[in-house]
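Working notes, structure below.
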Protein chains: 2
Amino acid sequence: VVTVALDGHGADRGAEVIIAGARAAAGDGIAIRVFGSPDDLAGLDGTDGVELIPAQGAIGNDEEPVGAVRSREDASVVMAARDVAEGRADALASAGSTGATMTAALFAFRRQHGVRRPALALQLVVPGRDGPPTLLLDVGANTDARAGDLVQFAYLGAAFSQAVLDVERPRVALLSVGEEQKKGSQQVVDAHEALADGQLDFVGNVEGRDLLSGAADVIVTDGFTGNVALKTIEGTATAVAGAVRSAAR
Amino acid sequence: VVTVALDGHGADRGAEVIIAGARAAAGDGIAIRVFGSPDDLAGLDGTDGVELIPAQGAIGNDEEPVGAVRSREDASVVMAARDVAEGRADALASAGSTGATMTAALFAFRRQHGVRRPALALQLVVPGRDGPPTLLLDVGANTDARAGDLVQFAYLGAAFSQAVLDVERPRVALLSVGEEQKKGSQQVVDAHEALADGQLDFVGNVEGRDLLSGAADVIVTDGFTGNVALKTIEGTATAVAGAVRSAAR
């Protein structure tokens, strides 16, 4: 049985989302250890496969993550991360502050030897398109990334695509402003050279329009560009859907 | 009468697009001087307000712009740019290679005193939304921009928004990964500080989802991020429209 440590705080739409998620996962045979307020999460009392462990509140989006994680040992996400580090759970899930979650995980799990920076990875699913999601990373952990970081993100993303998304030999690409090897910022050009000489199935550069086209299984960029791209996808999808709705009326 | 020097080569869909555009502009009372192949552009013969000046071919997307512009004085975009520089036309338009057009314009027009780098500006129009387009710059001229370049792009963009798009006092924003002043890459944080102390109506940082929301009249970024954002908008709009079409069937 896989056991997930779940942060019981921080969902934009409140505790009922956490409760529904925990129930759905438990129904799929996943053991859930949820950390949060017994009052807020009372709806989970007696649910098979769900254990509730009281925690002292959430770390909010407005708090500085490193300071908050260090000083608040009993915050829900910190307790959940410790649960994994100490072997009582296999994975951590949180709907709360991304910065706090990443920091809690980083402090509790540590990085794999040789990995300089963690990255945030996003699974891009296009409605109506078959096949596994495209993994985009980094979408915001590192606003200033070196070429060597981009290369590491490529290997980390390929490992995730293989192990979690069942892609046998992931096609890995760099996000840039043109397909030619020399196109892009200096970091991207340098990372391209390193990846072309590396062990991955590196398919070269892709452009913004390829994020949803299935041109690659893993698309690598720095956290600044990746975060802008992620939010541009959200904003464009909202604007286009709104225009279609208006036109339909 | 405004006179436009028009590159008669380089349109993805061929000379008929150039011909249709020249005719439409002439019909609006704009004088057109078109540079290209008399054979390809024969459809313009005798059109009122359109003058055809023979040129020796186009500079293609696959040519290195600086070398090509320097060595090919009779290429259509080079002749058209010279036409403006020598006072026979007021503006240059080209549907061809962006790099060649920018280079030809830069060499012929020169930069305004004190301006370090030119930028490419894109007018973002959301179907169904009223008001002037949002200007996004740079969308690809400079893949590595300094904080000082971003500040200059803000002033250049505001001037364009005012003079061309009739926005009386353009709201200027920086594209970043969060609204807080300290969010973003080092260049963005530094540019934010300079713009907050400057003369523009600076509204702070916006995120990718604001590109199509009308949150600002001018949105400033480096050419790498701007180009990725532009192509992400294109790719997302295509994917969403495709999903809507599939669902409708």
Next item on the list: Kindly provide the set of residues from region B:1-38 that are out of contact with any helix residue (DSSP H, G or I) (no Cβ under 9 Å at 6 or more places or on another chain) and not aliphatic (A, V, I, L, M), ordered by number.
Entry: B:ASP12, B:ARG13, B:GLY14, B:GLY21, B:GLY27, B:ASP28, B:GLY29, B:PRO38
Margin query: Testing A:VAL167 on (1) away from every other protein chain (no Cβ under 13 Å); (2) assigned to a helix (DSSP H, G or I); (3) without any contact (Cβ under 8 Å) to a residue 60 or more places away in the chain, one condition comes back false. Which one is that?
Written below: (2)
Margin query: Name the residue that is farthest from the other protein chains (Cβ to nearest Cβ), counting only residues in region B:173-231 that are part of a loop (DSSP other than H, G, I, E, B) and among the polar types (S, T, N, Q).
Written below: B:GLN199
Check: Since A:ALA141 meets every condition but one in (1) within 14 Å of the chain's Cα centre (by Cα); (2) over 18 Å from A:ILE219 (Cβ atoms), which condition does it not meet?
Finding: (2)
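So that you can scan it fast, the table gives a plain yes or no per residue for (1) touching a residue at least 40 places away in the same chain (Cβ under 8 Å); (2) closer than 30 Å to B:GLY178 by Cβ:
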site: A:VAL1; (1), (2): no, no
site: A:ASP7; (1), (2): yes, yes
site: A:ASP62; (1), (2): no, yes
site: A:GLY67; (1), (2): no, yes
site: A:ASP74; (1), (2): no, yes
Note to self: Of everything in region A:211-233, what is modelled with pLDDT under 95 and either of a type in the set (D, E, K, R) or touching a His at 6+ places or on another chain (Cβ under 9 Å) (or both)? Give them in sequence order.
What the structure shows: none
Notebook entry, point to check: Do we find that A:GLU234 is within 23 Å of B:SER176 (Cβ to Cβ) and open to solvent by 30 Å² or more (accessible area, probe 1.4 Å) in this structure?
Noted result: yes
Margin query: Out of B:ALA241, B:ALA247, B:ALA159, I need the residue that is surrounded by fewer than 17 Cβ atoms within 10 Å (Cβ to Cβ), at the interface with chain A (Cβ under 7 Å from one of its Cβ atoms) and outside any loop (DSSP other than H, G, I, E, B). Which one?
Written below: B:ALA241
Item checked: Leading residue by the ranking (farthest from B:LEU135 (Cα to Cα)) among those in region B:170-198 that are free of Cβ contacts under 8 Å to residues at least 40 places away in the same chain and among the charged types (D, E, K, R) -> B:LYS182
Next item on the list: Would you check if B:ALA141 is small (Gly, Ala, Ser) and within 27 Å of A:GLY226 (Cβ to Cβ)?
Entry: yes
Margin query: Considering only region B:22-31, I want to know if a residue exists there that is open to solvent by less than 20 Å² (accessible area, probe 1.4 Å), under 20 Å from B:PHE107 (Cα atoms) and either in a helix (DSSP H, G or I) or among the β-branched types (Val, Ile, Thr) (or both).
Written below: no
Margin query: Here is a check on your reading of the model: is B:THR98 of a type in the set (S, T, N, Q), at pLDDT below 95 and in contact with a helix residue (DSSP H, G or I) (Cβ under 7 Å, 6 or more places away or on another chain)?
Written below: no
Next item on the list: Please verify whether region B:169-179 includes one or more residues that are of a type in the set (S, T, N, Q) and surrounded by 15 or more Cβ atoms within 10 Å (Cβ to Cβ).
Entry: yes
Check: Pick from B:ARG111, B:ARG117, B:ARG129: which is touching a residue at least 60 places away in the same chain (Cβ under 8 Å), part of a loop (DSSP other than H, G, I, E, B) and surrounded by fewer than 20 Cβ atoms within 10 Å (Cβ to Cβ)?
Finding: B:ARG129
Notebook entry, point to check: Which one of A:GLY67, A:GLY10, A:GLY43 is open to solvent by 30 Å² or more (accessible area, probe 1.4 Å) and farther than 20 Å from A:PHE107 by Cα?
Noted result: A:GLY43
Next item on the list: May I ask you to list the residues in region A:70-100 that are surrounded by 23 or more Cβ atoms within 10 Å (Cβ to Cβ), more than 19 Å from the chain's Cα centre (by Cα) and assigned to a helix (DSSP H, G or I)?
Entry: A:MET79
Check: Here is a list of conditions, (1) open to solvent by 20 Å² or more (accessible area, probe 1.4 Å); (2) touching a residue at least 60 places away in the same chain (Cβ under 8 Å); (3) out of contact with any Leu (no Cβ under 7 Å at 6 or more places or on another chain), and A:ALA145 meets all of them except one; can you say which number that is?
Finding: (1)
Item checked: Residues (open to solvent by less than 80 Å² (accessible area, probe 1.4 Å) and either without any contact (Cβ under 8 Å) to a residue 12 or more places away in the chain or touching a strand residue (DSSP E or B) at 6+ places or on another chain (Cβ under 7 Å) (or both)) located in region A:47-60 -> A:GLY49, A:VAL50, A:LEU52, A:ILE53, A:ALA55
Next item on the list: Please give the number of the condition A:MET79 fails out of (1) over 19 Å from A:THR101 (Cα atoms); (2) in contact (Cβ under 8 Å) with a residue 24 or more places away in the chain.
Entry: (1)
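The values are calculated or read from the model by the stated rules, or taken from the named source; none is laboratory data. Here the structure is a predicted model, which means the values were calculated and not measured. So basically every Cβ, Gly included, is an ideal-geometry build from the backbone, and we count neighbours across all protein chains shown. The accessibility values were calculated without ligands, DNA or RNA, using every heavy atom of the protein model including side chains. Shrake-Rupley method; radii C 1.70, N 1.55, O 1.52, S 1.80 Å.
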